[in-house]
Structure formats: structure tokens, C-alpha cells
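Please read the structure below before turning to the comments.
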Amino acid sequence: MYGVWKVSFKDLDEIIKNALLHDYIERINDDQGNAKESYLIDLKDDRIEQVI
């Protein structure tokens, strides 16, 4: 899947309250400022609009 999506900050805040948090195993000891985790968000959510 590829593209560009948009969502309001208000909706995104609600979406991530129920989203799974993924830990990057290879970044546990990262000291360069990279994210150590990210939220898994379903892009099929009606609040998220694909623009491209």
C-alpha cells in the first residue's frame, strides 16, 4: 500500500488511543534520536482520507 493520507489531530488522537504500539527491536540501544516505537494505524479507518 502506498499513498498520502490526511487526518485531523483530534481524530488521530482518538485513533492512537486504541492502536497497537510496535517496538523496533534493532533500535533498543539507538542513541541517534530515531524512534524506538511507532503506532500501528489502520488506514482503512473512515476518519483517515487518502489524498494521493
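The values are calculated or read from the model by the stated rules, or taken from the named source; none is laboratory data. In this text the structure is predicted, and so the values were computed from the model without any measurement. Quick reminder, even Gly has a Cβ in these numbers, built from the backbone with ideal geometry, and neighbours come from all protein chains shown. Protein only, heavy atoms only, side chains kept; ligands, DNA and RNA dropped before computing areas. Shrake-Rupley method; radii C 1.70, N 1.55, O 1.52, S 1.80 Å.
Residue check: is residue 21 part of a loop (DSSP other than H, G, I, E, B) and hydrophobic (A, V, I, L, M, F, W, C)?
On the way: part of a loop (DSSP other than H, G, I, E, B): no; hydrophobic (A, V, I, L, M, F, W, C): yes.
Here the answer is no, as residue 21 does not meet what is asked.
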Where residues in the range 24-46 are modelled with pLDDT of 95 or more and open to solvent by 100 Å² or more (accessible area, probe 1.4 Å), which of them is farthest from the chain's Cα centre (by Cα)?
46
Does the range 12-23 include one or more residues that are surrounded by 11 or more Cβ atoms within 10 Å (Cβ to Cβ), in contact with a helix residue (DSSP H, G or I) (Cβ under 7 Å, 6 or more places away or on another chain) and at pLDDT 95 or above?
no
If a residue has to be of a type in the set (Phe, Trp, Tyr) and open to solvent by less than 100 Å² (accessible area, probe 1.4 Å) to count, how many in the range 1-11 make the cut?
1
